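To start, the structure under review is shown below, and the notes come after it.
The values are calculated or read from the model by the stated rules, or taken from the named source; none is laboratory data. As the structure is a computational prediction, the values presented were derived from the model and not from experiment. Heads up, the Cβs are rebuilt from the backbone with ideal geometry, glycines too, and the neighbour counts pull from every protein chain shown. Heavy atoms of the whole protein, side chains included, go into the accessibility calculation; ligands, DNA and RNA do not. Shrake-Rupley method; radii C 1.70, N 1.55, O 1.52, S 1.80 Å.
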Amino acid sequence: MRLSRRSTFLLRAAVAVGLAFIYIPLIVLAIYAFNASKILEWPPPGLTLEWFPKAIESTARDAFLTSIKAGLAATAIALVLGTLASLAVARHRFFGRETISFLVILPIALPGIVTGVALNNTFTQVFGIDLSLFTVIVAHATFCIVVVYNNVIARLRRMSASFEEASADLGADTWQTFRYVTLPNMRSALGAGGLLAFGLSFDEIIVTTFTIGAGEQTLPYWIFTNLFRAQQRPIVNAVAVIVVLISIVPVYLAHRLTSEEGGAAAGRGVRGRVEGGGVETEATAVP
Amino acid sequence: MATEAAVVERRSAGRRLADLLHRRPRLQVGALLAGPLGWLVIGYLGSLAILLIAAFWSVSPSSGELVRSLSFENIETLIDEPVYRTIVVRTVVIASLVTITDAIIAFPIAFFMAKVASRRTKAILVVAVLIPLWSSYLVKALSWRTMLSSGGIINWALEPLGLSGPGYGNTAVWLVMSYLWLPYMVLPIFAGLERIPNSLISASEDLGAKPFRTFRRVILPLAFPAVVAGSIFTFALTLGDYITPRLVSNNQFIGNVVFNNISTNLPFAAALALVPIVVMVGYLLVARKLGAFEHI
């Protein structure tokens, strides 16, 4: 788009201000993690590295592992349910099809307290089960379905159904078509959706506080419970910095996934060879 | 041999099921939808329905036990007590302000990323916007808590000018929420702007429209559904948050009251949770009409 010099300048200034707004709090936090004093004052009186080893040795490590566990389980459920729903909506016509997207979006579009209270009430009052890591996973999976669904359905809509029809015409049955045609084409969409779902679950705190059992701690829950303890503050700051650094990994992975997709969107994946009714895979090595 | 026969047997059973599914697409749809719909309709909508019912239960004042019979007590308290009216209004007003603020900050960033920046700058900016989205929500809220504290960096920076920061309170909640949900607004708008073909913009320019007019008459209407999509997140997330208000204010928001009542007076918590449900379902219905769902 052709813009005048003045508008380009203004636009750049707005972007710079926006990015400063995004990054200043993260930088301030990083500096506080090296704060030699336990009292949070600006500027910090001195710098130290002592909080990092203490952070790694603290109970935060167990909480981190719990978060990974919960995130992986919730992502696995969301991948299955989200893919099934998107296949139904993208490849079939049926009554109420339009409402599926609404239904899937609801758990994330309704405020976290609503989902939290509703599930808490159902778990404790209706089923009479104790809150635990399992209830956290169920709750997380519920609002993670939407990101898998959206990613996969976008892919299915771009991918012509004629590939699948061709596969069926060549004698592949429903499973073979899914395994050798549909699934390989959805791979990067599943990766992106799964990554987002994991990220959502890993960071979630509000629904978690309503569904977590006594004695269990996810990492956000650990930060939340230690936040108000003055003694723990420097360690919380150090944990926070570690979390921000770890968060670069999924961003990098997501970036890789999307650039891979740009290079080899079409044609890839159909590596099944249909022969006399049975499908035999060629070299199954994944590039 | 026996195992081989079993494999053949199993495969043919799978094949028979596949044939059945192929011949009867309705059955296939049913099989595909059973899991997701079971989870979301029975599990999730069912929970919401029970919550709706629980809002009409009450708690016996003498024993503290749940009384599972119809009572309008909670709804009456909600409407009659000015405290709760204030809390609901405060929450909705802050959520609206956060949404507007984010739209204003996010649009130039998204526009620059999508239509002005070079490929390289664009890639860098996408990552720059994504990193804070992935870093923990609590970490960011925590950082603001220290920045806004009386000995924090904001007061330190403003002191030479003879000013002081907002401290903890409603302004702080508005500021921090706007910060927290900004990436949720940038990304849908960016994706929406990317979808607008450059040829449309060139056509407008070739027909003599000044940049501002092109922006107002071509780009803005096409990007609007994406802005609405982003606003679903900023609005809903603000409406349901109770942790940020606890960190940077002493004020009560809907979420705080729900959380405080969950173990002592579940029916009242449920009744109050109906407010954001009603607000959000209305918001979503309008958003869908505006085409926002394509952009989430």
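Worth pointing out:
- Checking B:SER263 against (1) outside any helix (DSSP H, G or I); (2) within 24 Å of the chain's Cα centre (by Cα); (3) farther than 21 Å from B:LYS140 by Cα, the condition it does not meet: (2)
- Counted as qualifying within region B:76-187 are the helices (runs of 4 or more DSSP H) with 3 or more residues that are of a type in the set (Ser, Thr, Tyr) and within 9 Å of chain A (Cβ to nearest Cβ), namely B:137-148.
- Selection status of A:ALA60, at the interface with chain B (Cβ under 8 Å from one of its Cβ atoms) and more than 14 Å from the chain's Cα centre (by Cα): no
- Among the residues of region A:113-150, those that are over 30 Å from B:ASN256 (Cβ atoms) and crowded, with 24+ Cβ neighbours inside 10 Å comprise A:VAL148, A:TYR149.
- Any hit, region A:76-84, residues being within 9 Å of another protein chain (Cβ to nearest Cβ), open to solvent by less than 10 Å² (accessible area, probe 1.4 Å) and either among the hydroxyl-bearing types (Ser, Thr, Tyr) or touching a helix residue (DSSP H, G or I) at 6+ places or on another chain (Cβ under 8 Å) (or both): yes
- Qualifying residue in region B:201-213 (condition: under 22 Å from A:LEU196 (Cβ atoms), modelled with pLDDT of 90 or more and open to solvent by 10 Å² or more (accessible area, probe 1.4 Å)): no
- Counting only helices (runs of 4 or more DSSP H) wholly contained in region A:4-119, the ones carrying 3 or more residues that are out of contact with any Leu (no Cβ under 7 Å at 6 or more places or on another chain) and more than 27 Å from B:GLY30 (Cα to Cα) occupy A:5-32, A:51-57, A:60-91.
- Candidate set from region A:121-170 (those that are outside any helix (DSSP H, G or I) and touching a residue at least 40 places away in the same chain (Cβ under 8 Å)); member that is farthest from the other protein chains (Cβ to nearest Cβ): A:SER132
- Hey, B:ALA270 farther than 27 Å from B:ALA106 by Cβ, touching a residue at least 24 places away in the same chain (Cβ under 8 Å) and not β-branched (Val, Ile, Thr) or not: yes
- In region B:280-296, of all residues being facing chain A (nearest Cβ under 9 Å) and buried (at least 19 other Cβ atoms within 10 Å of the Cβ), the one that is farthest from B:GLU194 (Cα to Cα) corresponds to B:MET280.
- Region B:235-252, subset closer than 19 Å to B:TYR184 by Cα and touching a residue at least 40 places away in the same chain (Cβ under 8 Å), residue surrounded by the most Cβ atoms within 10 Å (Cβ to Cβ): B:ASP241
- Set B:ALA128, B:ALA110, B:ALA141: member being open to solvent by less than 30 Å² (accessible area, probe 1.4 Å) and closer than 30 Å to A:PHE228 by Cβ: B:ALA141
- The condition (being hydrophobic (A, V, I, L, M, F, W, C) and open to solvent by 40 Å² or more (accessible area, probe 1.4 Å)) is satisfied by just one residue among A:LEU156, A:LEU183: A:LEU183.
- Each residue in region B:57-89 was checked for being open to solvent by 60 Å² or more (accessible area, probe 1.4 Å) and within 20 Å of the chain's Cα centre (by Cα), and 1 pass.
- Within region A:14-43, restricting attention to residues that are more than 7 Å from every other protein chain (Cβ to nearest Cβ) and touching a residue at least 40 places away in the same chain (Cβ under 8 Å), the residue that is most open to solvent (accessible area, probe 1.4 Å) is A:LYS38.
- Candidates B:ALA269, B:ALA226, filtered to the one that is at negative phi and within 11 Å of another protein chain (Cβ to nearest Cβ): B:ALA269
- Selection within region B:144-165 - open to solvent by 40 Å² or more (accessible area, probe 1.4 Å) and either in contact (Cβ under 8 Å) with a residue 24 or more places away in the chain or not polar (S, T, N, Q) (or both): B:ARG145, B:TRP156, B:ALA157, B:LEU158, B:GLU159, B:PRO160, B:LEU161, B:GLY162, B:LEU163
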